[in-house]
Amino acid sequence: MRQAWIDASAGIAGDMLLAALLDAGADLEAVRAAVAAVIPDEVRLTPHQVTRAGLRATHVRVESTDHHPHRTWAEIRDLIDRATLPERVRADALAVFERLARAEARVHGVSVEDVHFHEVGAWDSIADVVGVCAALHDLGVRELSAGPVAVGSGRVRTAHGELPVPVPAVAELAAGRRILAGGEGELATPTGMALVTALARECPELPPMRLEATGVGAGGRDVPGRPNVVRVLLGTGRQQMEESILLEANIDDLDPRVWPSVLAALLEAGAADAWLVPILMKKGRPAHTLCALAATSRADPVRTAIFRLTTTLGVRERAVRKTALERGWAHVDVLGARLPIKVGYREGVIVQATPEFEDAARLAVQEDLPVRAVLDAALAAARTARLAPGEPVPSHLEDTCSPH
Ligand SMILES: O=C([S-])c1cc(C(=O)S)c[n+]([C@@H]2O[C@H](COP(=O)(O)O)[C@@H](O)[C@H]2O)c1
Ligand code: NI
């Protein structure tokens, strides 16, 4: 499973995180395409190399002509809703802006629907948010975590006038999270803090992972003695005990033909699993409980997708703990083809070894055989290759979440 950890110990802004993800290998054209799907022809994204207090980093120039932005949350939601985007990118971007809207509503004492964004509603902020969500999607990051965020000190001039640092929106967004004091000026912006708190689980220390890439994203200023950068460490590996949220809703009025697309979209939005339970509701109405299990860091986008795609008026939630086996992939030769075997293991010993069903089904059609015959042959080949419960985990397991 691909994961990434954000080091925001020098602060964070939307463009810094975007630059760090591009520096770690996210595809620039995929990011530009996602931004253009939401706000066509409004911004230009140009990454370039810089140094910050002696460290090499990528800085991304985000150019737009939007000088007097006053957009409502509803306007931004509409832009993202209507854009052609991967479901996960849409759900993430909506979750980030919804968090920003809730924070602004609390700070200014207005309702969420009446929130008027100023700087954070500008084209360049929309580009930062959509760009970061697209970059995470492009890199295949399934689990995002972040260390404590440095917020800075002093006062800053904004469209609301001169504000103390951390500015009110940042303080509101950071509630419940560990933050770091110190450093001069505004080190964490509302957009940066909204991205971190909506998409990343709090993880003070770098989680265990096999490190694949590091991305360094620069802020605009170069301050001597303190590199003004966000770092992203990208790797593979999974946590054995995950904090998860179970989201549920009882629904009796959704066109039943829509359900398969809802389940698929929730998985796309980051749910680890999504399913339906047939129930009899009040007044004897046949209905379904929609259930979605998501890592705590993915709960926001999954919740947003449930409200967007179904008719429910509320979502029940409870924290659950899930013990997951560590996983990897191996391949065996069956009937002249290479079939992937999913291997689940614990403490160095295989607990489950299962042929990938879709590949077995494809091979069965190709060979004109019953699927069970291909599955049996794959299991026999796996046993011969010592890929069976009780065997030690081989050193050559592939550590990806997909065998393809
Ligand atoms: O745009 C809005 S609504 C806004 C609210 C606040 C509050 O704290 S309230 C602060 N700001 C300031 O705008 C700039 C740009 O922020 P980005 O997140 O778009 O980089 C920054 O100085 C914020 O403190 C904006
Ligand atoms: Ni504000």
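The values are calculated or read from the model by the stated rules, or taken from the named source; none is laboratory data. On a predicted model such as this, the values are computed, not experimentally measured, just so you know. Here the Cβ is made from the backbone with ideal geometry for all residues, glycine too, and neighbour counts use every protein chain on show. In case anyone asks, the SASA skips ligands and DNA or RNA and just uses the protein heavy atoms, side chains included. Shrake-Rupley method; radii C 1.70, N 1.55, O 1.52, S 1.80 Å.
Things worth noting here:
- Computed lengthening from ASP222 to THR84, 0.36 nm per intervening residue step minus Cα-Cα distance: 46.0 nm
- Charged neighbours of LEU335, selected by a Cβ distance under 14 Å, balance to -2 (K, R count +1; D, E count -1).
- Size of charge dipole - the chain - debye, nearest 20, with Cβ of Lys, Arg +1 and Asp, Glu -1, no other charges: 860
- Take the Cα of ILE279, go 7 Å toward its beta carbon, and the backbone nitrogen atoms of the range 302-332 under 15 Å from that spot belong to 311-318.
- Ordering LEU45, GLY314, VAL196 by Cα displacement along the dipole of the chain toward the positive end leaves GLY314 in first place; charges were set at the Cβ atoms of Lys, Arg (+1) and Asp, Glu (-1).
- From the alpha carbon centroid of the range 272-342 to that of the range 6-33 is 29 Å.
- According to the calculation over all Cα-Cα pairs in the range 1-40, the P(r) per 10 Å bin from zero is 24, 48, 26, 2 %.
- Annotation: lysines with alpha-carbon distance below 26 angstrom to LYS322 (same-chain offsets under eight excluded): LYS342.
- Rg over Rh for the chain works out to 1.01, using Cα positions for both radii and the Kirkwood form for Rh.
- Maximal additional length on extending the ARG102-ARG338 stretch stands at 79.9 nm, based on 0.36 nm per residue less the C-alpha distance.
- Working from label points 7 Å from Cα in the Cα-to-Cβ sense, the GLN366 to ASP252 distance is 4.9 nm.
- Surface exposure of the range 326-384, expressed per residue as accessible area with a 1.4 Å probe, stands at 58 Å².
- Sites THR289 and ASP376, calculated FRET efficiency, Cβ-Cβ separation with R0 41 Å, nearest 0.05: 0.70
- Here the mean projected area of the convex hull built on the C-alpha positions of the range 326-384 is 3.7 nm².
- As a fraction of the 1.4 Å probe accessible area of the range 57-102, surface on carbon and sulfur atoms comes out at 45 percent.
- Range of Cα positions in the range 226-328 per principal axis (Å), largest first: 63, 32, 23
- Here's the picture: charge each Lys and Arg Cβ at +1 and each Asp and Glu Cβ at -1 in the range 2-236, and of THR65, GLY152, ALA122 the one pushed furthest to the positive end of that dipole is GLY152.
- At R0 = 35 Å, FRET efficiency that the Cβ-Cβ distance of ARG157 and GLU243 yields, to 0.05: 0.35
- Each principal axis of the Cα atoms in the range 2-236 has its own extent, and those three values, largest first, are 44, 40, 31 angstrom.
- Surface accessible to a 1.4 Å probe, per residue, for the residues of the range 1-81, Å²: 42
- Only Lys, Arg, Asp and Glu carry charge here, each on its Cβ (+1 for the first two, -1 for the last two); on that basis the range 113-152 has a dipole of about 240 debye about its Cα centre.
- Label-zone membership for the range 16-45, site GLU212, 7 angstrom Cα→C-beta point, backbone N under 20 Å: 17-32
- 1.4 Å probe accessible area per residue over the range 241-323, in Å²: 51
- Its Cα gyration tensor gives the range 1-134 an equivalent ellipsoid, and the semi-axes of that ellipsoid, as √(5λ) in whole Å with the largest first, are 25, 17, 15.
- Axis of helix 371-384 versus longest Cα principal axis of the chain: the two differ by about 90°, to the nearest ten degrees.
- For GLU113 and ARG44, the FRET efficiency from 1/(1 + (r/R0)^6), where r spans their Cβ atoms and R0 equals 30 Å, is about 0.40.
- Using a probe radius of 1.4 angstrom, the carbon and sulfur fraction of the accessible surface of the range 254-404 is 55%.
- Centre separation in Å (Cα based) which lies between the range 352-381 and the range 119-179: 48
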